[in-house]
Amino acid sequence: MAELYQKAYEDLDDYYYKNRNDVVNYIEWLYNHNKDSSLVILATKDNEIIGFIAGDTYYYDKDSSNYVMNIHELVVKKEFRGLGIATQLIYEFINRSKQKNKEKNKKVNGVILWVGKNNQKALKLYTNLGFTIQHKTNKWIKMRMNIA
């Protein structure tokens, strides 16, 4: 996963960890930072990981003073982009998060994520899926999608 992560961000120099140890630590954090709500979903083809999404199923958003799902990372291998894999990963993350929250009797009212302001392809994808810009800080944009 570390190599996939690094190669996926090669063209977006400002937005990723470059040191391999930092990448490995980050991926471990994605899996383990909150055992109660961490969720990582892999996309595979022929037993090869071609993408992944990671986040929290239940996360307190200070800006809205509500609990939401929070996508920390979405990566798809370059040669598999444009095939709908990122969209499938997002919907699968939302569906699994809803199920996990329902089982624990927890309610959320949206999904948030942060995206680099120069990552135009990701911004277009998120906008097309119904995310809206909440605010911008330096090189990052916070986006939100309301859910029922």
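With both labels modelled 7 Å from their Cα along Cα-to-Cβ, the residue 80 to residue 117 distance reads 3.2 nm.
Using 23 Å as the Cα-Cα cut-off, could you pick out the over-long pairs in 77/98; 121/142; 78/100? Could you put the intermediate results ahead of the total?
Details: 77/98 26 Å; 121/142 15 Å; 78/100 30 Å.
In this structure, 77/98; 78/100 exceed 23 Å between Cα atoms.
A straight Cα-to-Cα reach below 12 Å connects residue 35 with the aspartates and glutamates 56, residues fewer than 8 places away in its own chain not being considered. With Rh defined as the Kirkwood radius, the inverse of the mean 1/r over Cα pairs, the Rg/Rh of the chain is 0.94. Of interest is the spacing of the C-alpha centroids, which for the range 7-50 and the range 73-148 amounts to 15 Å.
Remark: relative contact order (the chain) = 18 percent; criterion is Cα-Cα distance under 8 angstrom and separation of 6 or more residues.
Computed over the chain with a Gaussian network model linking Cα atoms closer than 10 Å, the most mobile of 101, 128, 47 is 47.
Among 144, 81, 20, the order by Cβ neighbours within 10 angstrom, fewest to most, reads 20, 81, 144. Here r is the Cβ-Cβ distance between residue 87 and residue 21 and R0 is 22 Å; the resulting FRET efficiency, rounded to 0.05, is 0.10.
A short reminder: the numbers here are calculations on the coordinates, not readings from a lab. Keep in mind it's a predicted model, so treat the numbers as computed, not measured. In this analysis, Cβ positions are derived from the backbone assuming ideal geometry, glycine residues included, and neighbour counts consider all displayed protein chains.
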